Amino acid sequence: MGGLELETLPWSADHYLRSGVTIPPDGYATLRSFDAILVGALGDPRVPDNRHARDILLGTRFELDLYVNRRPVRLLDERLCPLKNRSRADVDFIVFRENTEGLYVGVGGRFKPGTDDEVAIQEEVNTYKGVNRIVRHAFEAALGRPRRRLCMADKSNAMTHGHALWQRVFAEARKDYPDVEASHLYIDALAMFMVQDPSQFDVIVTNNLFGDIITDIGAALQGGLGMAASGNIHPGRTSMFEPVHGSAPPLAGKNVANPVGAILSAALMLGHLGRVEDARRVEAAVEQAVQAGEVTRDAGGSLGTREAGEAILKRL
């Protein structure tokens, strides 16, 4: 297999502040011309309305229809887990978050803003197409894992309209996957059980907002946001990969940020591109460096960002 052709796009916050352009008019078409996109953490306090991050990150998810948000939760070293007496085998699951619908579509508005009579409405959008494709993607993923277990999480006891659709789709899909042990939990119960006993989970599927929340819990279980990777995927099309953490402006330029989440996101990208052995090599190098304690301070080490990256690189 040949090498990778890399192209860097200059769409940084600095570029936006100079030009006033977050993403050029043909930007999404440009992104579609690549096999994959790797992005760093977005968010800059010099852009107070967060427009730059929103247009690039959320815009790309919606414009490229990246409906699968894949977030592996895998503990690399037992000392990193905040729970007592947990082994690496206890924290090893995947969360599939619906990535193009839900509360993040921006449907709603504000009436009489800034007054005592202000009304703010934020609508959640669920479609049969959107729910069906993420649920079935999760079932397919569960088929490929040794335990073949899938849990769907919603809040259908309170959100009786939108999440009734999730219940209907899940009931339909589970009939087509008899080899998968399928279960359901309300999202608040699932969050509690993730902390009490994460070992019971193998594959989880949920909506956009709930997935955003529980994957941060998952990141904490594996050692913090700096350890967490993610992919924004449309199977068979251009997909985007990014570390779970946002930007950390107070850390900028200090050589202290954890590079592991970004490196593992690159490994996810390699796997998506069919370079499975390369992905495994990167993951193994990260695992070895973490277990050797050659990591940044947030992960219990003493290295800087650059040195932690070099510790992983030398193992490749």
Study note, to complete from the structure: Of the residues in the range 298-309 that are at pLDDT 95 or above and exposed (fewer than 15 other Cβ atoms within 10 Å of the Cβ), the one that is nearest to Leu76 (Cα to Cα) is Ser302
Check your understanding: From the list Phe62, Phe96, which one is in contact with a His (Cβ under 9 Å, 6 or more places away or on another chain) and under 30 Å from Arg145 (Cα atoms)?
Key -> Phe96
Point to revise | Selection status of Arg168, of a type in the set (Lys, Arg), within 20 Å of Val68 (Cβ to Cβ) and more than 20 Å from the chain's Cα centre (by Cα) | key: no
**Study point:** Output for the range 269-283, where each listed residue is closer than 11 Å to Ala36 by Cβ and either in a helix (DSSP H, G or I) or touching a Leu at 6+ places or on another chain (Cβ under 6 Å) (or both)
**Key:** Met269, Leu270, Gly271, His272
Practice item. Kindly indicate the residue of the range 197-244 that is in a helix (DSSP H, G or I) and in contact with a Leu (Cβ under 6 Å, 6 or more places away or on another chain) and also surrounded by the fewest Cβ atoms within 10 Å (Cβ to Cβ) among those meeting that condition. Key: Leu209
Review point. Would a scan of the range 123-144 turn up a residue that is acidic (Asp, Glu) and outside any helix (DSSP H, G or I)?
Key: yes
Practice item. Consider Ala29 carefully, then state whether it is over 23 Å from Asp154 (Cα atoms) and within 22 Å of the chain's Cα centre (by Cα). Key: no
Review point. Hey, any hits in the range 248-268 for a residue that's closer than 23 Å to Ala138 by Cβ and at pLDDT below 95?
Key: no
Study note, to complete from the structure: Of those in the range 263-297 that are within 20 Å of the chain's Cα centre (by Cα) and among the small types (Gly, Ala, Ser), the residue surrounded by the fewest Cβ atoms within 10 Å (Cβ to Cβ) is Gly274
Revision key, fill the gap. Here the residues within the range 90-117 that are of a type in the set (D, E, K, R), part of a loop (DSSP other than H, G, I, E, B) and farther than 27 Å from Thr206 by Cβ are Lys112, Asp116, Asp117
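Conditions tested, residue by residue: (1) buried (at least 16 other Cβ atoms within 10 Å of the Cβ); (2) under 17 Å from Asp212 (Cβ atoms); (3) not acidic (Asp, Glu).
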| site | (1), (2), (3) |
| --- | --- |
| Phe111 | no, no, yes |
| Thr115 | no, no, yes |
| Glu124 | yes, yes, no |
| Arg148 | yes, no, yes |
| Ala158 | no, no, yes |
| Leu165 | yes, no, yes |
| Glu172 | no, no, no |
| Asp179 | no, no, no |
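The values are calculated or read from the model by the stated rules, or taken from the named source; none is laboratory data. Quick caveat: nothing in here was measured; it's all calculated off a predicted structure. Neighbour counts run over all protein chains shown; Cβ positions are idealised from the backbone, glycine included.
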